[in-house]
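What follows is a set of notes on a single structure, which appears directly below.
The values are calculated or read from the model by the stated rules, or taken from the named source; none is laboratory data. This structure is a prediction, so every number in the text was calculated from the model and none was measured. FYI the Cβ positions are ideal-geometry reconstructions off the backbone, even for glycines, and counts take in every protein chain you see.
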Amino acid sequence: MLSWQIILYIVSSGMFFSLLSVGFGLTLRSVKFFNLAYGGAFLVGGYTMFWLYRTLSISFLPSLVISGMTAGFYLLLTYQFVFKILFHRKAKNLVLLIASLGLLTATSAILGMIFGNQPTIIARHLSDIGVIDIFGGTLNIVEAVIVATSLLVIPLLAYVRSKTRFGRATRAIEDDIEVAELVGIPKEKTLKKIFFVSGVCAGLGGIMLGFNVGIIPASGLIYMLPTIVAVVIGGMQSFWGGVLGAFVLTLAQQLTIVVFGGSWVQAVPFIILIVMLLVRPAGILKR
């Protein structure tokens, strides 16, 4: 039986991966390949926040806004100078995947040379990460902020996707990018916005991780893998599928820890992924 403390952790971890999954799904549905450069935006957001907030001692809110936008611009630049060129050359998805892996690897190496390979904590003082009591269970302030931020950002993205011109253009491109262009959807402009918004989501995730347990150059790949699994489980063609997949994944990991111990937890996402691909390749939510 799950304790209240474990349930609180599932909520905070689930919301963290929900935010990452929703951002990752934006580009996946639009350009139809697994863009691992998303993990580079995750790193750029976290390390930029560390540099501004802790090293330069700039106040929190300006550092947060600049860091999130920097991550967004990073992913936008990867589109402008790498993926856009490959799209025009009709590159296969395997080529796009390898290019994105190269971008993630290069970004990780450069940030490792600048900031080192040790865990980088963004908080200026560990005492700043206080604890909140919730009906007998506890969450630290960062975990509570993760939940609050995700509850704000995800519904906002859902509203933008459903009610705005940009959202309608995004959905049209997700359905069929060539037909969308034929009926007057500005493909290049819309894709640039999609990559930017996706990068901001990744950057926010990197910032949250940096405040909570610290960030290392390998974090981009480490956290990309369960994010991809969550998106596939929930449904690659569904906006809310990433949220559902994130909670299914987090719940499965915690049940594994309770029943079998922590040694199996890293294998859980991939076991679930294989089973899901065999049983329901489209994911839990098809559309």
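Regarding the stretch 190-207, can at least one residue be identified that is buried (at least 18 other Cβ atoms within 10 Å of the Cβ), in contact (Cβ under 8 Å) with a residue 40 or more places away in the chain, part of a loop (DSSP other than H, G, I, E, B) and not aromatic (Phe, Trp, Tyr)? No, every residue in the stretch 190-207 fails to be buried (at least 18 other Cβ atoms within 10 Å of the Cβ), in contact (Cβ under 8 Å) with a residue 40 or more places away in the chain, part of a loop (DSSP other than H, G, I, E, B) and not aromatic (Phe, Trp, Tyr). Any residue at all in the stretch 128-144 that's within 18 Å of Ser21 (Cα to Cα) and either in contact with a strand residue (DSSP E or B) (Cβ under 6 Å, 6 or more places away or on another chain) or in contact (Cβ under 8 Å) with a residue 12 or more places away in the chain (or both)? There is at least one residue in the stretch 128-144 that is within 18 Å of Ser21 (Cα to Cα) and either in contact with a strand residue (DSSP E or B) (Cβ under 6 Å, 6 or more places away or on another chain) or in contact (Cβ under 8 Å) with a residue 12 or more places away in the chain (or both).
Does the stretch 29-51 contain any residue that is charged (D, E, K, R) and touching a Phe, Trp or Tyr at 6+ places or on another chain (Cβ under 9 Å)? Scanning the stretch 29-51, I find at least one residue that is charged (D, E, K, R) and touching a Phe, Trp or Tyr at 6+ places or on another chain (Cβ under 9 Å), so the answer is yes.
Within the stretch 239-255, identify whether any single residue is assigned to a loop (DSSP other than H, G, I, E, B), modelled with pLDDT of 90 or more and in contact with a helix residue (DSSP H, G or I) (Cβ under 7 Å, 6 or more places away or on another chain), and answer yes or no.
Step one: of the stretch 239-255, the residues assigned to a loop (DSSP other than H, G, I, E, B) are 239-240.
Imposing the further condition that a residue be modelled with pLDDT of 90 or more reduces the set to 239-240.
Still in the running and in contact with a helix residue (DSSP H, G or I) (Cβ under 7 Å, 6 or more places away or on another chain): 239.
Looking through the stretch 239-255, at least one residue is assigned to a loop (DSSP other than H, G, I, E, B), modelled with pLDDT of 90 or more and in contact with a helix residue (DSSP H, G or I) (Cβ under 7 Å, 6 or more places away or on another chain).
Yes/no per residue for (1) closer than 26 Å to Thr78 by Cβ; (2) surrounded by 13 or more Cβ atoms within 10 Å (Cβ to Cβ); (3) hydroxyl-bearing (Ser, Thr, Tyr):
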position: Leu94; (1), (2), (3): yes, no, no
position: Leu97; (1), (2), (3): yes, yes, no
position: Gly136; (1), (2), (3): no, no, no
position: Val145; (1), (2), (3): no, yes, no
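Give the residue that is surrounded by the fewest Cβ atoms within 10 Å (Cβ to Cβ), with candidates limited to residues of the stretch 210-220 that are modelled with pLDDT under 95 and over 15 Å from Trp51 (Cα atoms). Reasoning before the result, please.
Of all residues in the stretch 210-220, those modelled with pLDDT under 95 come to 210-214.
Subset that is over 15 Å from Trp51 (Cα atoms): 212-213.
Numbers: Asn212: 20, Val213: 12.
Top of the filtered list is Val213.
When you scan the stretch 156-175, do you find a residue that is part of a helix (DSSP H, G or I), under 17 Å from Thr70 (Cβ atoms) and within 18 Å of the chain's Cα centre (by Cα), even just one? Taking every residue of the stretch 156-175 in turn, none turns out to be part of a helix (DSSP H, G or I), under 17 Å from Thr70 (Cβ atoms) and within 18 Å of the chain's Cα centre (by Cα).
Only one of these is assigned to a helix (DSSP H, G or I), free of Cβ contacts under 8 Å to residues at least 60 places away in the same chain and touching a Ser or Thr at 6+ places or on another chain (Cβ under 8 Å): Leu77, Leu52, Leu20, Leu26. Name it. Before the answer, list the steps.
On the way: Leu77 fails: touching a Ser or Thr at 6+ places or on another chain (Cβ under 8 Å); Leu20 fails: free of Cβ contacts under 8 Å to residues at least 60 places away in the same chain; Leu26 fails: free of Cβ contacts under 8 Å to residues at least 60 places away in the same chain.
Being assigned to a helix (DSSP H, G or I), free of Cβ contacts under 8 Å to residues at least 60 places away in the same chain and touching a Ser or Thr at 6+ places or on another chain (Cβ under 8 Å) holds for just one of Leu77, Leu52, Leu20, Leu26, which is Leu52.
If you go through the stretch 47-90, how many residues are modelled with pLDDT under 95 and touching a strand residue (DSSP E or B) at 6+ places or on another chain (Cβ under 8 Å)? Adding up the residues that qualify gives 0. Kindly indicate whether Met113 is part of a helix (DSSP H, G or I), within 18 Å of the chain's Cα centre (by Cα) and farther than 18 Å from Tyr223 by Cα. No, not satisfied. Within the stretch 240-266, the residues that satisfy the criterion of being surrounded by 12 or more Cβ atoms within 10 Å (Cβ to Cβ), small (Gly, Ala, Ser) and either more than 16 Å from Tyr9 (Cα to Cα) or under 18 Å from the mean Cα position of the chain (by Cα) (or both) are Gly241, Gly242, Gly245, Ala246.
Given the criteria on the phi < 0 side of the Ramachandran plot, assigned to a helix (DSSP H, G or I) and not basic (Lys, Arg), does Phe33 qualify? Explain how you work it out, then say what you get.
On the way: on the phi < 0 side of the Ramachandran plot: yes; assigned to a helix (DSSP H, G or I): no; not basic (Lys, Arg): yes.
No; evaluated as a whole, the condition is false for this residue.
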